[in-house]
Amino acid sequence: MIIRPSEGGLAMLNRLGLPGALLALVLVSACAGAGTPRDAKGDPLEPLTITTSSGEHRFMVEIADDDAERQRGLMEREPLPDDRGMLFQFPDVAERGFWMRNTPSPLDIIYIDPRGRIVSIAKNATPQSDAIIPSNGPASGVLELRAGRADEIGARPGDKVSHPFFAE
């Protein structure tokens, strides 16, 4: 059905009835959000770029920006696809330490300073481990990627991570 500009919402309601109008609204809403990648909670993923000597590498990341999300992280989750990650955002800059408790697949853990520069990279972190993996420098963000991705893109300390969370 095509709604002409001269027809209002009441005309559509009269023509389709309330159940039909509600169904049309649901379908339009679903189409509007189609194609937007979402995380496990249904929140939209955000673009993030890492610039290395081999070029720009784009990812879509989940955001962990409160205590509950940062505690849960990627626990009990399937391995990440190559173009996905989780960005942990902290309100302060400090020495950080992560562990892999209840995380079934290995990860690369990238510690990032407030300007978006990589501080350090813990490659291939051991799944299910309670060992603390230190940042070895102050960080305000931490990016988790599938194990091996940091090497595949040539990421090194000092490389740039671009995301609105980091000051340019």
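From the list V28, V61, the one residue that fits, being among the β-branched types (V, I, T), part of a helix (DSSP H, G or I) and either modelled with pLDDT of 50 or more or over 20 Å from D151 (Cα atoms) (or both), is V28. Find the residue count for the stretch 31-58, including only residues that are surrounded by fewer than 15 Cβ atoms within 10 Å (Cβ to Cβ), assigned to a strand (DSSP E or B) and at pLDDT 95 or above. Of the residues in the stretch 31-58, 5 are surrounded by fewer than 15 Cβ atoms within 10 Å (Cβ to Cβ), assigned to a strand (DSSP E or B) and at pLDDT 95 or above. Do the conditions hold for G137, that is, is it touching a residue at least 12 places away in the same chain (Cβ under 8 Å) and under 25 Å from K41 (Cβ atoms)? Here the answer is no, as G137 does not meet what is asked.
Here W99 passes the criteria (1) surrounded by 15 or more Cβ atoms within 10 Å (Cβ to Cβ); (2) within 17 Å of the chain's Cα centre (by Cα) except the one numbered (2). Being assigned to a helix (DSSP H, G or I) and either at pLDDT 95 or above or surrounded by 11 or more Cβ atoms within 10 Å (Cβ to Cβ) (or both) is a description that applies to M12.
Would you check if there is a residue in the stretch 125-132 being in a strand (DSSP E or B), assigned by TED's automatic domain parsing to the domain that holds T51 and of a type outside the set (F, W, Y)? Yes - at least one qualifying residue is present in the stretch 125-132. For the stretch 105-124, taking the residues that are of a type in the set (G, A, S) and part of a strand (DSSP E or B), the one that is surrounded by the fewest Cβ atoms within 10 Å (Cβ to Cβ) is identified as S120.
The numbered conditions (1) crowded, with 20+ Cβ neighbours inside 10 Å; (2) of a type in the set (K, R); (3) within 17 Å of the chain's Cα centre (by Cα) are all true for R70 except (1).
The values are calculated or read from the model by the stated rules, or taken from the named source; none is laboratory data. Computed from a prediction, not measured in an experiment: that's the story for all the values here. Here Cβ is always computed from backbone atoms with ideal geometry, including for glycine, and neighbour counts include all displayed protein chains.
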